[in-house]
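Notes to accompany the following structure.
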Amino acid sequence: MLKQIKNGVYPTMVTPYTPDNKIDFNAVEKILNYYSDCDCDGVFAICQSSEIFFLSFEERLELLKFIVDHLPKGMNIVASGHTADDIDRQIYEANAFIDCGIDAYVFIANRFAKENEGKDVFLKNYYKMVSSIPEISLGVYECPHPYKRLMTPDVLAECAKDGRMQFLKDTCGRIGDIKAKLDSVKDYNLKIFNANAATLLESLRLGCAGYSGVMANFHPEIYSWLCKNFDKQPEIADKVGAFLGFASLAECQCYPVNAKYHMALRGLGTGIFSRARDCKAFSESNRKEINEMLLVEDEIKKLYNI
């Protein structure tokens, strides 16, 4: 029986490192507990925020096993990680990750077709992958690297029609496109999780299931409050949504370095080193901006009892 994916907030997990450039599993466990304490409903593991294109297959597998073993009770785990260009290698990697015991396996949309290839190539490789893995709930991630391949409503509906597809991490940032996708899968099990903070509130009101984006690494408890209360307290939700949209400008900083810095300020013991970004680019001004964000988000929580 397929595991049902809950609505809510699914942070895109970052990968902390030790001073000798190994995965810091002590910090990983603290981050998992932090997400749980902030009322997140699940995690999106082994994604771009996890720096998967800079981790070996063995590191990705070890990290996922650890996350599954230490996931707080009551949380869903969806995971991706197939980074290869070759579809047979992707199948091998996907099967190894699925064997770890995750709730849903999330395909990276740009892995099934090159940028200049159409939906026929995408669907051919998609169905080859689906037929080569165990019966498990599925998802799709519109990952920006190495190029962003957005799911069109017709392709999304095609993937959703067998009932296994339950999770879309949508990165388009356009309400009209999100609505078209919602309409295309209204008769299926698929849930859309918006990754864009500025459009999140409007998308929740249209029917999106929650948030799965990088900013849940900064103030996940505020995202959780919004996803659970946007319809109960609409006037406060407007103000909270406005804060989240403005605060998401931090994505334009040196991410994920700035997220690790913010987590360190929260006492999670994360260093700021990243394999994906040069932490030297995280300037003194950037640090001050994150310090100031922390003060404002704490005031938002006090003001609205979050």
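Cβ-Cβ below 7 Å, separation at least six or inter-chain, first residue in region 84-107 and at positive phi, second assigned to a helix (DSSP H, G or I) and of a type in the set (Val, Ile, Thr): which pairs?
Once the first residue is at positive phi and sits in region 84-107, its partners that are assigned to a helix (DSSP H, G or I) and of a type in the set (Val, Ile, Thr) give Gly101/Val68.
Please specify each residue of region 157-180 satisfying the condition of being under 18 Å from the mean Cα position of the chain (by Cα) and either loosely packed, with under 15 Cβ neighbours inside 10 Å or free of Cβ contacts under 8 Å to residues at least 60 places away in the same chain (or both).
Met165, Leu168, Asp170, Thr171, Cys172, Gly173, Arg174, Ile178
Considering only region 291-306, state which residues are surrounded by 12 or more Cβ atoms within 10 Å (Cβ to Cβ) and in a loop (DSSP other than H, G, I, E, B).
Residue satisfying the conditions is Ile306 alone.
Is it the case that region 1-15 has a residue that's of a type in the set (Gly, Ala, Ser) and in contact (Cβ under 8 Å) with a residue 40 or more places away in the chain?
Yes - at least one qualifying residue is present in region 1-15.
Would you be able to say whether some residue in region 92-104 is touching a helix residue (DSSP H, G or I) at 6+ places or on another chain (Cβ under 7 Å), acidic (Asp, Glu) and closer than 22 Å to Val43 by Cα?
Scanning region 92-104, I find at least one residue that is touching a helix residue (DSSP H, G or I) at 6+ places or on another chain (Cβ under 7 Å), acidic (Asp, Glu) and closer than 22 Å to Val43 by Cα, so the answer is yes.
Taking region 250-276 on its own, how many of its residues are touching an Asp or Glu at 6+ places or on another chain (Cβ under 9 Å), within 16 Å of His219 (Cα to Cα) and surrounded by fewer than 17 Cβ atoms within 10 Å (Cβ to Cβ)?
0
Can you give me the number of residues within region 116-167 that are closer than 21 Å to Met13 by Cα and among the aromatic types (Phe, Trp, Tyr)?
Result for region 116-167: 3.
Looking only at residues that are in contact with a helix residue (DSSP H, G or I) (Cβ under 8 Å, 6 or more places away or on another chain) and small (Gly, Ala, Ser) in region 226-257, which one is farthest from Arg277 (Cα to Cα)?
Among those that are in contact with a helix residue (DSSP H, G or I) (Cβ under 8 Å, 6 or more places away or on another chain) and small (Gly, Ala, Ser), it is Ala237.
I'm trying to understand the selection: among the residues of region 277-290, which are in a helix (DSSP H, G or I) and surrounded by fewer than 13 Cβ atoms within 10 Å (Cβ to Cβ)?
Lys280, Ala281, Glu284, Ser285, Lys288
Here is a yes/no grid of residues against (1) in a helix (DSSP H, G or I); (2) at pLDDT below 95; (3) in contact with a His (Cβ under 8 Å, 6 or more places away or on another chain); (4) of a type in the set (D, E, K, R):
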{"position": "Tyr223", "(1), (2), (3), (4)": "yes, no, no, no"}
{"position": "Leu226", "(1), (2), (3), (4)": "yes, no, no, no"}
{"position": "Asp238", "(1), (2), (3), (4)": "yes, no, no, yes"}
{"position": "Gly241", "(1), (2), (3), (4)": "yes, no, no, no"}
{"position": "Gly245", "(1), (2), (3), (4)": "yes, no, no, no"}
{"position": "Asn258", "(1), (2), (3), (4)": "yes, no, no, no"}
{"position": "Leu268", "(1), (2), (3), (4)": "no, no, no, no"}
{"position": "Ile272", "(1), (2), (3), (4)": "no, no, no, no"}
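The values are calculated or read from the model by the stated rules, or taken from the named source; none is laboratory data. These figures come from a predicted structure and were not determined experimentally. Cβ: placed from backbone, ideal geometry, glycine included. Neighbour counts: every protein chain shown.
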